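To start, the structure under review is shown below, and the notes come after it.
Nothing in this text is a laboratory measurement; each read-out follows from the coordinates by a stated rule. Given the structure is predicted, the values throughout are model-derived calculations rather than measurements. Every residue, glycine among them, receives a Cβ derived from its backbone with ideal geometry; neighbour counts consider all protein chains shown.
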There are 2 protein chains.
Amino acid sequence: MQADALTTRLGYRFKNPALLRTALTHRSHSSPHNERLEFLGDSVLNCIVADALYERFPQLTEGELSRARAIIVRQQSLFERACELELGALLHLGEGEVRSGGAQRPSILADALEALVGAVYLDGGFSAARKLVHRVFRPVLARSDPAAVLGKDAKTLLQEHLQGRHIALPRYNIVGTEGEAHRQNFTVECVIAQLSIRTLGEGLSRRAAEQQAARLAYDRIAAQ
Amino acid sequence: MQADALTTRLGYRFKNPALLRTALTHRSHSSPHNERLEFLGDSVLNCIVADALYERFPQLTEGELSRARAIIVRQQSLFERACELELGALLHLGEGEVRSGGAQRPSILADALEALVGAVYLDGGFSAARKLVHRVFRPVLARSDPAAVLGKDAKTLLQEHLQGRHIALPRYNIVGTEGEAHRQNFTVECVIAQLSIRTLGEGLSRRAAEQQAARLAYDRIAAQ
């Protein structure tokens, strides 16, 4: 019953249900437990997320891709995905772990999710695992803004990108203000002379306008 | 001509030769270079090696699998594989790198091999990349002895495995010697009481006989 609900949430039905059970079995409960599957699943997950980021963000450097992946596969992120899947209620834990709240512990839930990815990989192959990961991680993988993926604002991202390519930093200039003093609208240009890029951003503060201009400049670089 | 030879050595022909060229292009030469492909290929390689080790060594713990993989994908190992493939002669390097011997530098060659794995993954999919990795890494992946894979002797491996499972350590006893004093043949038993395992090893030294007995005991555990 519960496992059926999980099948629906995963969008995947196991041919070999023993693999699913192992993936959800913590070492405190019994053997086989999920530690070996976690090892496998961690690497499958890393590979699929790397692929997704590589495809989605052609403008990101190797270092930025690494950073973005680390954010997506870190324990807190896996824990959140595991909670969405309600894995806690399905875990097989030893009595001590049950009593001490193991079913809500981020490390245990994150590990179980990795093990689950490994189990789907073994059961259904790489493409089934890929489908699962894209489904479960849609909320993070669907972010189209690299700055958000990287947890950085657009100006920082643009600056780091240019530094990485040894290109002179952008200049930001206010090119217009509108409205009354207490509710002004700013227009700012972002100029990257070396790349012949000039973008305009608008906002209710100078900072907001600069961020928009930076984001547009970054997108322009990506399209070059 | 050279690329054709590589095709033969790789056992893979690129549908999109531009990907192959990018994989072999160092950032000192031109753009697009191989750094993004290296990021992707590193994760594809890690995944495929994890899978291979998971399948081949059902007795290894998560920690042992991690260690084995780290040994297989470390720079020196990748460098050796890249040399076998004679990648050095095919690299596109900037003039400075050519002069300073970049084509023989372990880091550059290891990175190019990772990029090549990434390129095959993009060009032919996961199964093509898997086939390539199994072909290129056959010398290391084919080792059936986990002690060799882990770079440990059998006694150490057995001891660590038992410690990890909180099982009392094995006892080694000489149960026989044959031959003259300067060329004795030793027979040693390895006893793991808790698992009811007893194996016999032979060798021209006590140590060699113990290693053989330990290896057999470890295999016995694996089969349990």
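Data overview
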quantity	calculated
Nonlocal amide H pairs with residue B:25, under 5 Å, H built at 1.01 Å	B:34, B:92
Chain B: angle of helix B:206-223 to the longest principal axis, Cα-based, in degrees nearest 10	70
Counting DSSP beta bridges with both ends in the protein assembly as shown, the antiparallel % (nearest 5)	95
10 Å Cβ neighbours from other chains, averaged over peptide B:153-159	0
Residue B:95-residue B:191 pseudo-label distance in nm [points 7 Å out on the Cα-to-Cβ vector]	7.5
Shape call, segment B:81-224: gyration tensor on alpha carbons, a/c limit 1.5	prolate
Label point 7 Å beyond Cα along the C-beta direction, distances from residue A:208 to other copies (nm, shortest first)	8.1
Rounded tilt (10° steps) of A:154-164 against the dominant C-alpha axis of chain A	90
Other-copy label distances relative to residue B:59, 7 angstrom Cα-Cβ extension, nm	5.4
Nearest-first distances (nm) between copies at residue B:101, label 7 Å from Cα via Cβ	5.9
Contact order relative to length of chain A, as percent, for alpha carbon pairs under 8 angstrom and 6 or more apart	19
